[in-house]
Structure formats: structure tokens, C-alpha cells
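S.K.: I have a structure here, written as C-alpha cells, and I will follow up with some questions on it.
Each value in this text was obtained by applying a stated rule to the coordinates, not by laboratory testing. Please read all numbers here as calculations on a predicted model, not as lab measurements. Ideal geometry is used to build each Cβ from the backbone, glycine not excepted, and the neighbour counts take in all protein chains shown.
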Amino acid sequence: MQDLDSQTSILLEDEALRDGLQIESQLFTVAQKIELFKLLKSAGVRRIQVGSFVHPKIVPQMAATDELIKALGKQHDTVISALILNDKGLERALACSVPHVSMSVSVSDTHSRKNARKSAADALDSMVDLIKNARNQGLEVRAGLQSAFGCVYEGSISESAVLAAAERMMSAGVDEINLADSTGMANPLTIRSLVHKVSERFPETRISLHLHDTRGLGLANMFSGYEAGVRIFDVCAGGLGGCPFIKGAAGNVPTEDAVHMFESMGIATGIDLKTLMGAVDFLEQALERPLPGRMKKVSSSEPICNS
Ligand SMILES: [Zn+2]
């Protein structure tokens, strides 16, 4: 079931403010983050993950997430979302009245132990409780499975392990299941296969995809997900992001490249590409380096081609 409004066929959730910025050592001020939010919103981005409630010592870039969400206040037409990791995060989310939260665990036991210092089974148990608590508080909840398409430590991940974890999340009342290719190990066929299995098992549930472009298959995987029925995709303006623990890790599919792909096929995203470039410009200027997204390079180059 994909209950998006009739004018927008695709929902792109921009995560530049969270997944993109979290590994940047240059700390953005709340004012800079508000500016980026406004640029994304004015381009037509309808869901924006603005930060995470993680301990400020672990991810200093996310320290002022509460302040940012309070400053943004109630937004019309754009859903503000934040990532929570535990009960303390839920408490902080409730204190600043964020309407939508995301949470996720790894399907890979080794990845979970390294990343969350918990076995995958324990992490899933904790997340099930957290989903229930958040739903009881009236929040909209998206729960995700990291490394759903493969793990750098364990190799391939079985579809049955993903389905079993999704079953637990569903029984806790989750609104959306996010399948994450954290390591960029998916390919269009594994995307199609897993999405079909999850949607067959849970036909009433929204499925979203979180695709890292580590091996250059981000857009191909996104299109495969679309063909398999997915209508919600995580993206990052400029393709910002990566992971210090995964060799060669790249960010999510660049928002502008995803917009271009869908719009060029006549599939509406609700996002204006030209306006969106303002957000990419802003990030490149603030970080003083070009970002990986292709559409920025195309749009800013002179129309000369000699070969
Ligand atoms: Zn990610």
C-alpha cells in the first residue's frame, strides 16, 4: 500500500541533514541547518530527516537536533523526521514534538555488534519495544533494517532473516519498513527479489529503500525498487555522506540525480530540480568541495561538447 497523494508519485526523503552531515567534521550551526532545510523544502522535498538523537559525544554534528527541530516548529507540506536509537532518543523526540521518527537495526549480527555493541537479536528486541513506545505516544514510526542486501563482514544476508525481522517490526505496529543497503552491496535483481518478498508478506505496509551508491548501482537499484512497487526512497542532496567504517563508502543516491531520473521518465517527484540546486550549491559552498551528484555538474557546465 502506497498512500502518497495523487500529485506525487514518488516520495523522496532527503537525509542530507542527518546521514549526509553526520560524518562531516565541520560542524554546521543551527542557522546553517535551517537554511538547508528551507532550500530543500522550497524545492518541494516533502519529508526531511533533520537529525538524530544520539549522544553528542558520539556524533557532535547531531548535538543540536533538539534545538533545530524546535526552531523549525510546525511545518506544513513537509514532514520533519528524526532518527532515534533508544528510549532516551524517544524522550528527546517527544520533548521537541517531532511528528515522525525513524529507527533501525542491522540484520547482520557482526555489523550489529560492531556498530551498536549488541547482537542483532538483542538490538531487534530493543527496537520492537521502542516501536511500541513511540506508537503509543502517537508518533509515526518508520523502522529499518540495515545491511538488508549484504554485509561487508558476513557477505550475503538471507532473505528469510530480513523477513523474520520485518515480521517482528510489523507486529509492533510500524508504519513503514525501510530496507537499507548500507554497504552498497545490492544489485537490481536482489532489490527486486527482496522487495517482492517483503511486499507479498506485508501487502498493507509501505516499503522504503535506503540506497548507498558505494558501488555505483544506486540509481539502478532505485529504479529496480520502483519497478517492484516501492514509492519512497531516501536520498541526500549532492550525494553527501558515507561511512568511516566501510571502505569506499559513498552517500545515498543524490537527490538531484533521483529527481532527474524519475522526472525524465514522466514520474512525478514533486521536486523542482532547478530550485533543488540551491541546496546543493549551499552544501558545496559550506563544505568547500564539490559533491558527487551528477546533475549539478551538468547544469553548471558550458554546453560545449567536442566529441
Ligand atoms: Zn545510510
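S.K.: Relative to the compact globular guide of 2.2 N^0.38 Å, what is the alpha carbon radius of gyration of segment 173-307, as a ratio?
M.R.: On the way: Rg = 15.9 Å, N = 135, 2.2 N^0.38 = 14.2 Å.
With N residues counted in segment 173-307, Rg over 2.2 N^0.38 Å equals 1.12.
S.K.: Under unit Cβ charges (Lys, Arg +1; Asp, Glu -1), what dipole magnitude, rounded to 20 debye, does segment 11-292 have relative to its Cα centre?
M.R.: Values: 28 positive and 34 negative charges, 94 e Å.
Rounded to the nearest 20 debye, it is 460 debye.
S.K.: Between residue 125 and residue 288, what is the label-to-label distance in nm when each label sits 7 Å out along the Cα-to-Cβ direction?
M.R.: Going from the residue 125 label point to the residue 288 one covers 4.9 nm.
S.K.: Antiparallel as a % of all DSSP beta bridges within segment 11-292, to the nearest 5? Display every interim value, and only then the final one.
M.R.: Numbers: 2 of 38 bridges.
That works out to approximately 5 percent antiparallel.
S.K.: Among 237, 71, 143, which one shows the highest mean-square fluctuation when the chain is modelled as a Gaussian network with alpha-carbon springs under 10 Å?
M.R.: Maximum fluctuation in the GNM of the chain, among the listed residues, is at 71.
S.K.: Additional query: I need the Kirkwood Rh of segment 163-212: take the reciprocal of the average 1/r across all distinct C-alpha pairs and report it in angstrom.
M.R.: Values: mean 1/r = 0.0885 Å⁻¹.
When all Cα pairs of segment 163-212 are included, the Kirkwood radius is 11.3 Å.
S.K.: Using Cα-only point scatterers and the Debye equation, what is log10 of I(q)/I(0) for segment 11-292 at each q in 0.07, 0.12, 0.14 Å⁻¹, rounded to two decimals?
M.R.: For segment 11-292, the Cα-only Debye profile gives -0.22, -0.68, -0.97.
S.K.: Next up: Any chance you could run the full-extension gain for residue 27 through residue 204? It's 0.36 nm times the residue separation minus the Cα-Cα distance, nm to one decimal. Please report the intermediate quantities before stating the final value.
M.R.: Values: separation 177, 0.36 × 177 = 63.72 nm, distance 4.04 nm.
Fully extending the segment from residue 27 to residue 204 adds 59.7 nm.
S.K.: Quick one: 3J(HN,Hα) in Hz for segment 55-68, Karplus 6.51/-1.76/1.60 with θ = phi - 60°, rounded, Gly and Pro as x.
M.R.: 4, x, 6, 7, 10, x, 4, 9, 4, 9, 4, 4, 4, 4
S.K.: Here's a follow-up. Arrange 255, 183 by Cβ neighbour counts within 10 Å, fewest through most, would you?
M.R.: Numbers: 255 33, 183 24.
Final ranking by Cβ density, sparse to dense: 183, 255.
S.K.: Next question. Restricting to DSSP loop positions (anything but H, G, I, E, B) with no more than 13 other Cβ atoms inside 10 Å of their own Cβ, which GluC sites (Glu not before Pro) remain in segment 150-225?
M.R.: Working: sites: 154, 159, 167, 176, 200, 204; in loops: 154, 204.
Loop-located and lightly packed - 204.
S.K.: Of all the stretches in the chain, which is the longest one without any exposed loop site, taking trypsin sites (Lys or Arg not before Pro) in a DSSP loop (any state but H, G, I, E, B) with at most 11 other Cβ atoms within 10 Å?
M.R.: Numbers: sites that count: 57, 74, 117, 247.
By the stated rule (loop sites, at most 11 other Cβ atoms within 10 Å), 118-246.
S.K.: May I pose another question? List the relative contact order of segment 167-307 as a percent without decimals, with contacts defined as Cα pairs under 8 Å and 6+ residues apart. All intermediate terms of the calculation are to be shown ahead of the outcome.
M.R.: Details: 201 pairs, mean separation 27.8, N = 141.
Answer for segment 167-307 is 20 percent.
S.K.: Below 14 angstrom from the Cβ of residue 53, what's the summed charge of the other residues (Lys, Arg +1; Asp, Glu -1)? Before the final figure, lay out the partial values.
M.R.: Numbers: positive: 18, 57, 70, 88, 92; negative: 66, 67, 87, 91.
Its environment carries a net charge of +1.
S.K.: Moving to a separate point now. Applying 1/(1 + (r/R0)^6) with R0 = 25 Å to the Cβ-Cβ distance of residue 274 and residue 77, what FRET efficiency is obtained, to the nearest 0.05?
M.R.: Details: r = 19 Å, r/R0 = 0.75.
The value I calculate is 0.85.
S.K.: Quick one: among 95, 186, 148, which has the greatest mean-square fluctuation in a GNM of the chain with alpha-carbon springs under 10 angstrom?
M.R.: Maximum among the listed residues: 95.
S.K.: Ok, one more. Counting other Cβ atoms within 10 Å, which chymotrypsin sites (Phe, Trp or Tyr not before Pro) in segment 230-275 have at most 16 and lie in a DSSP loop? Could you put the intermediate results ahead of the total?
M.R.: Values: sites: 233, 245, 262; in loops: 245.
Of the chymotrypsin sites (Phe, Trp or Tyr not before Pro), the ones in loops of segment 230-275 whose Cβ has at most 16 other Cβ atoms within 10 Å are 245.
S.K.: Something else now. So, counting K/R as plus one and D/E as minus one, what does the shell of residues with Cβ under 14 Å around residue 40 add up to? Spell out each step's value before the answer.
M.R.: Details: positive: 18, 33, 38, 41, 46, 47, 274; negative: 13, 14, 15, 19, 35, 77, 234, 256, 272, 281.
Around residue 40, the surrounding residues sum to -3.
S.K.: In addition: Going from the alpha-carbon gyration tensor of segment 109-227, what semi-axes, largest first and in whole Å, does one get by taking the root of 5 times each eigenvalue?
M.R.: Values: eigenvalues 102, 64, 28 Å².
Whole-Å semi-axes of the equivalent ellipsoid: 23, 18, 12.
S.K.: For segment 66-127, what is the per residue volume of the convex hull drawn over the alpha-carbon atoms, in cubic angstrom? Each step should come with its number before you reach the end.
M.R.: On the way: hull volume 5.6 nm³, N = 62.
In segment 66-127, the Cα convex hull volume per residue is 90 Å³.
S.K.: While we're here: Evaluate 2.2 N^0.38 Å with N set to the residue count of segment 1-96, then give the Cα radius of gyration divided by it. Numbers along the way, then the final one.
M.R.: Details: Rg = 13.6 Å, N = 96, 2.2 N^0.38 = 12.5 Å.
Here the answer is 1.09, to two decimals.
S.K.: For residue 281 and residue 67, what is the calculated FRET efficiency with R₀ set at 25 Å and r taken between the beta-carbons, to the nearest 0.05? Don't jump to the answer; show the numbers that get you there.
M.R.: Working: r = 25 Å, r/R0 = 1.00.
Calculated transfer efficiency: 0.50.
S.K.: What 222 nm value per residue comes from the helices of the chain, counting each DSSP H run with n ≥ 4 as -39,500 (n - 2.57) and dividing by all residues, nearest 500 deg cm²/dmol?
M.R.: Working: 11 runs with 125 residues, N = 307.
It lands at -12500 deg cm²/dmol.
S.K.: Could you list the residues of segment 45-75 with an amide nitrogen less than 17 Å from a label point located 7 Å from the Cα of residue 35 in the Cα-to-C-beta direction?
M.R.: 68, 72
S.K.: I want to verify a result. In a Gaussian network model of the chain, Cα cutoff 10 Å, which of these has the top mean-square fluctuation: 103, 265, 127?
M.R.: With Cα springs under 10 Å in the chain, the top fluctuation among 103, 265, 127 is at 265.
S.K.: Give the aspartates and glutamates whose C-alpha is closer than 15 Å to that of residue 38, dropping any in the same chain fewer than 8 places away, or say none.
M.R.: Qualifying aspartates and glutamates at Cα under 15 Å: 13, 14, 15, 77, 272, 281.
S.K.: Run the simple label-point estimate for residue 9 and residue 264 please: 7 Å along Cα→C-beta, distance reported in nm.
M.R.: 1.5 nm
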